[in-house]
Every structure is written in C-alpha cells, then in structure tokens.
Amino acid sequence: MANKGLNLGLGARIRRWRLERELSQGELGKKCGSLTATSIYRYETDRVVPGIDILVRIADALDVPVDLLVGDQVRPPPKAPQEIGDFLEELTGCPPKVRKVAMAAARAVISESQATSDE
C-alpha cells in the first residue's frame with residue numbers, strides 16, 4: 001500500500017501548511033483577506049478548487065511558494081548550513097510556543113539584517 005502522505009492533493013497540502021503554521025481555518029482566511037473559515041474548509045477538503053488569485057493569497061498567507069501547494073515544485077530546496085540544520089533539529093523538540101518565539105526572533109534578525117544591508 002502506498003504512503004498517502006507522499007502524494008497529497010491540493011487541499012491536503014493547504015491543510016498541512018496551515019497546521020504547520022498553527023493557524024485555524026478562520027485565521028488563515030483572515031490572513032488571506034476576508035476568506036471565511038468555511039471557504040478554507042472547502043479548499044482543504046477539495047470540495048472547491050480555489051482560483052489562481054485565491055491560491056496566491058493562500059500561499060502568501062502561509063509563506064510558501066504556490067508551486068509547493070500545487071505539488072509542482074521543481075526546484076530543490078536550498079541546502080542549509082549544518083548549524084542551521086542542527087538548530088532546527090533542536091527547535092523541533094521544543095513546545096510550540098517556544099518555536100513560535102524563536103521563529104519571530106529569527107525573522108526579526110533577518111529583517112534587521114536585510115534593512116541594514118539595503119542602506
């Protein structure tokens with residue numbers, strides 16, 4: 001029997017990334033700009049296929065490329081330096097709140113770094 005996790009449909013991928021981001025259907029809908037929780041539910045259960053404009057909004061809200069959601073990601077993910085891999089492995093074992101704080105701190109450092117490099 002094939003592993004179902006390896007061949008997810010669009011709806012399952014949206015759900016997987018929403019849960020990975022620790023968002024409710026309503027929260028994702030709001031981040032997309034006025035989509036309802038019911039709409040997100042319908043997309044996740046493949047009852048309705050979102051149009052490309054909605055799909056782009058969902059991908060943006062989840063901070064993933066559209067091709068990752070539709071399953072056509074042809075470029076390999078970038079190879080992270082070993083210390084980043086080690087850090088992520090440690091972070092995986094932390095409670096969700098700790099992961100969220102660490103991610104926010106990392107994003108702030110990256111944002112500040114990008115802002116100072118643009119000057």
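Within the range 30-43, if we keep just the residues that are free of Cβ contacts under 8 Å to residues at least 12 places away in the same chain and part of a loop (DSSP other than H, G, I, E, B), the residue that is nearest to residue 9 (Cα to Cα) turns out to be 36.
Here residue 46 fulfils each of the conditions (1) exposed (fewer than 14 other Cβ atoms within 10 Å of the Cβ); (2) at pLDDT 90 or above; (3) out of contact with any Leu (no Cβ under 8 Å at 6 or more places or on another chain) apart from (3).
Would you mention how many residues in the range 44-59 are in a loop (DSSP other than H, G, I, E, B) and among the charged types (D, E, K, R)? Can you show your working first?
Start the filter on the range 44-59 by keeping residues that are in a loop (DSSP other than H, G, I, E, B), which leaves 45-51.
From what's left, among the charged types (D, E, K, R): 46-47.
Residues flagged as in a loop (DSSP other than H, G, I, E, B) and among the charged types (D, E, K, R) within the range 44-59 amount to 2.
For residue 27, the conditions (1) at pLDDT below 95; (2) at negative phi; (3) of a type in the set (Asp, Glu); (4) not assigned by TED's automatic domain parsing to the domain that holds residue 103 all hold with the exception of (1). Say we look at the range 67-87 and pick out the residues that are within 16 Å of the chain's Cα centre (by Cα) and modelled with pLDDT of 80 or more; which of these is surrounded by the most Cβ atoms within 10 Å (Cβ to Cβ)? Looking at the filtered set, the residue picked out is 69.
The values are calculated or read from the model by the stated rules, or taken from the named source; none is laboratory data. In this text, all values refer to a predicted model and were calculated from it rather than measured experimentally. Positions of Cβ are generated from backbone atoms using ideal geometry, with glycine treated the same way; all protein chains shown enter the neighbour counts.
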